[in-house]
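What follows is a single structure, written as structure tokens, with notes after it.
The values are calculated or read from the model by the stated rules, or taken from the named source; none is laboratory data. Here the structure is a predicted model, which is why all the values come from computation and not from measurement. Positions of Cβ are generated from backbone atoms using ideal geometry, with glycine treated the same way; all protein chains shown enter the neighbour counts. Accessible surface areas use protein heavy atoms only, side chains included; no ligands, DNA or RNA. Shrake-Rupley method; radii C 1.70, N 1.55, O 1.52, S 1.80 Å.
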Amino acid sequence: MKKVIRLVALLLLFKCAATGKTHLPAINPGRADSVVFPSGGRVLNYRIAGFTFPPVEHVKKYTIKIAEGICHSDTEFEQHLILSLTSRTNKVVAEMPFWGRDYTWRVESTDKKKKITQSPFYHFATLLNSALDTNYSRLSVRKKADEYKDAFVFLDTSRILYDMSGNAVWYLPDIDRMHIENSRVRDLKMTQQGTITFIIAHEEHGAAYEVDYDGNILWKSSGFYDHELTKLKNGHYMVSGCSTEQLEWRYFSPADSGLYIASSDGDTTLKYTTEKHSKGSFGKLLELDSRGVVVWSWNEADYYKGKDVRNHVESDEISGKDTIEEHQNSFCFDEKNNFLYVSYRNTNSILKVKYPSGEVVAVYDGNLGQGSKSEQEIPTFCWQHSCRLTDDGHICLFNNNRCNKDSLPQILVLDDTVYPDGSFNILWKYDCPMKKKKGDHPNGGNVMQLPDHAFFVSMCAPYSRLFILSEDDKQELWEAHYQKYNKTKGIFEPSAVYYRASIIGNRDELEKLIWNSSPYPHAIMGQPLYSKKTDRLKPPTSLFRRRR
């Protein structure tokens with residue numbers, strides 16, 4: 001059968017040889033080394049796409065031509081041509097100018113004798129979705145990037161990846177047979193393995209996901225997860241969850257009472273009552289393997305067993321009842337030294353946990369004042385979100401500073417050492433400028449250090465402000481605001497539609513993500529690409545048009 005196919009192909013080549021241009025037959029999609037993508041009317045959830053086609057022997061260069069619209073003739077194709085790129089390999093990355101449009105492309109192979117062979121026309125389209133319409137929502141860039149102009153930014157709940165000019169280049173499509181438009185997408189980011197992970201935080205339909213660039217599900221674990229999901233170097237997944245524990249008042253006498261996590265220790269010398277409290281919420285970390293099986297876990301409640309937890313009680317604004325909720329909102333894993341750093345918003349603390357024993361080896365208590373022990377006026381940090389480690393092994397966090405009415409949100413870098421009196425050193429800090437009155441602090445937000453030691457910062461609600469900050473002189477290198485259009489006022493306003501942001505550092509990292517997607521089974525990870533734009537487009541004022 002293979003011999004017959006080859007003979008037919010050779011006959012077609014000889015038949016068209018006299019014209020100098022040869023039209024090849026469609027490629028068998030069953031062969032991994034002959035995948036043509038994008039084709040078959042495929043609708044892409046991105047504008048930056050990887051184009052692949054079968055290699056041709058003795059070819060000096062390939063020319064990939066892309067036209068707007070659905071074209072079926074050479075004349076029509078040339079009239080609507082918008083991009084022409086050259087490559088020495090049979091794969092190239094190209095950026096389509098608009099969302100919601102049809103496109104036609106073909107490849108021309110030129111050999112050493114300058115003979116040109118043309119492929120058939122292939123058709124595809126880019127996604128049409130209101131979330132991508134810049135008439136209603138946008139990432140408004142206030143300070144243009146110079147050093148980071150080739151980076152990309154994920155905004156999680158908006159489900160969009162933006163370039164540094166504020167153009168949407170990728171969108172998380174509806175997956176798993178469900179519409180996730182109104183669900184809580186959290187912690188959308190690229191993994192070190194060249195995939196994408198995120199959480200859908202929902203009590204009934206919650207799950208943790210790993211997907212590829214095309215939105216194909218690579219891994220899933222159902223459950224109520226929140227805040228953070230990280231894929232580890234060993235291929236496992238660590239995710240943040242919570243546990244509900246029974247609480248009891250224990251006392252020998254009314255003057256000597258305390259609130260403890262309920263236990264089955266059988267100690268009959270203590271008297272118990274559930275006079276005020278019955279349940280408390282504590283943080284939990286789960287390590288899952290590729291099958292979704294829990295292979296390790298750590299429950300914060302175990303650390304507090306046997307300790308009086310009265311100081312953790314707060315009033316629930318909705319129910320009016322006292323409650324305990326530690327609110328574990330971030331963690332980072334030092335896989336080299338086997339330590340976990342876990343952040344708790346409501347107690348203004350970070351626990352350092354030894355892995356895999358689960359032993360708490362240090363506590364960074366933000367309630368300790370920045371002055372002397374006697375002053376204790378201004379906590380070191382409070383209501384913090386996002387703890388990370390720097391390359392130097394220090395703790396970096398976004399300090400919402402919500403308990404300090406006259407202070408600004410901060411980026412803090414803490415020394416890893418905790419002294420016997422519980423104190424620790426602040427090595428570096430930056431007060432985040434805010435146009436609104438002091439005390440109106442962001443809810444959420446995160447920070448991460450980049451390879452050159454600059455900081456990528458997201459301030460989240462109510463400002464929806466993102467920026468990159470240099471470490472040495474504390475200068476902002478890039479700034480943007482996520483906004484939505486207010487029909488009543490007729491203006492764009494900051495929107496808190498996203499909870500956390502993440503960054504892809506450069507174009508090479510994005511191409512790693514592209515070529516690691518399932519449409520490219522023959523692509524070689526890390527293979528250098530050569531491409532040259534011969535027809536450059538001016539940036540459009542809007543990337544969203546209705547399909548003709």
Q.
Taking the condition of being aromatic (Phe, Trp, Tyr), crowded, with 18+ Cβ neighbours inside 10 Å and within 26 Å of Asn167 (Cβ to Cβ), how many residues in the stretch 105-138 meet it?
A. 3
Q) Within the stretch 173-193, can you find the residues that are under 12 Å from the mean Cα position of the chain (by Cα) and either within 19 Å of Met448 (Cα to Cα) or modelled with pLDDT of 95 or more (or both)? A) Arg186, Asp187, Leu188, Lys189, Met190, Thr191, Gln192
Q: Give the stretch 200-229 a look and list any residue that's surrounded by fewer than 19 Cβ atoms within 10 Å (Cβ to Cβ), part of a strand (DSSP E or B) and not charged (D, E, K, R), or say none.
A: Ile217, Leu218, Trp219, Ser222
(Q) Looking at the stretch 461-472, I want the residues that are among the acidic types (Asp, Glu) and have a partner that is part of a loop (DSSP other than H, G, I, E, B) and modelled with pLDDT under 95 with Cβ atoms under 6 Å, at least 6 apart or on another chain. Which pairs are those? (A) Glu471/His453
Q. Residues in the stretch 151-158: is at least one outside any strand (DSSP E or B), modelled with pLDDT of 90 or more, under 17 Å from the mean Cα position of the chain (by Cα) and of a type in the set (D, E, K, R)?
A. yes
Q) Restricting attention to the stretch 475-498, and to residues there that are in a loop (DSSP other than H, G, I, E, B) and more than 28 Å from Glu147 (Cα to Cα), which single residue is most open to solvent (accessible area, probe 1.4 Å)? A) Lys487
Q | All positions within the stretch 28-61 that are outside any loop (DSSP other than H, G, I, E, B), within 34 Å of the chain's Cα centre (by Cα) and either at pLDDT 95 or above or surrounded by 13 or more Cβ atoms within 10 Å (Cβ to Cβ) (or both) | A | Ser34, Phe37, Arg42, Val43, Leu44, Tyr46, Ile48, Ala49, Gly50, Phe51, Thr52
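Yes/no matrix, rows are residues, columns are (1) modelled with pLDDT under 95; (2) outside any strand (DSSP E or B); (3) among the hydrophobic types (A, V, I, L, M, F, W, C):
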{"position": "Leu340", "(1), (2), (3)": "no, no, yes"}
{"position": "Ser343", "(1), (2), (3)": "no, no, no"}
{"position": "Lys352", "(1), (2), (3)": "no, no, no"}
{"position": "Ser372", "(1), (2), (3)": "yes, yes, no"}
{"position": "Glu375", "(1), (2), (3)": "yes, yes, no"}
{"position": "Arg388", "(1), (2), (3)": "no, no, no"}
{"position": "Leu397", "(1), (2), (3)": "no, no, yes"}
Q. Just to be sure, is Gln384 closer than 21 Å to Leu286 by Cβ, open to solvent by less than 30 Å² (accessible area, probe 1.4 Å) and touching a Gly at 6+ places or on another chain (Cβ under 7 Å)?
A. no
Q: Tell me, please, whether a residue that is closer than 17 Å to Ser517 by Cα, open to solvent by 60 Å² or more (accessible area, probe 1.4 Å) and part of a loop (DSSP other than H, G, I, E, B) can be found in the stretch 191-199.
A: yes
Q. Across the stretch 303-332, which residue is nearest to Cys242 (Cα to Cα) among those that are in a helix (DSSP H, G or I), of a type outside the set (Lys, Arg) and at pLDDT below 85?
A. His312
Q) His80 versus (1) open to solvent by 30 Å² or more (accessible area, probe 1.4 Å); (2) farther than 28 Å from Tyr171 by Cβ: which is the lone unmet condition? A) (2)
Q. Within the set of pairs 6 or more residues apart or between chains, which connect a residue that is touching a residue at least 12 places away in the same chain (Cβ under 8 Å) inside the stretch 407-422 to a residue that is among the β-branched types (Val, Ile, Thr) and open to solvent by less than 40 Å² (accessible area, probe 1.4 Å) with Cβ atoms less than 6 Å apart?
A. Ile411/Val447; Leu414/Ile395
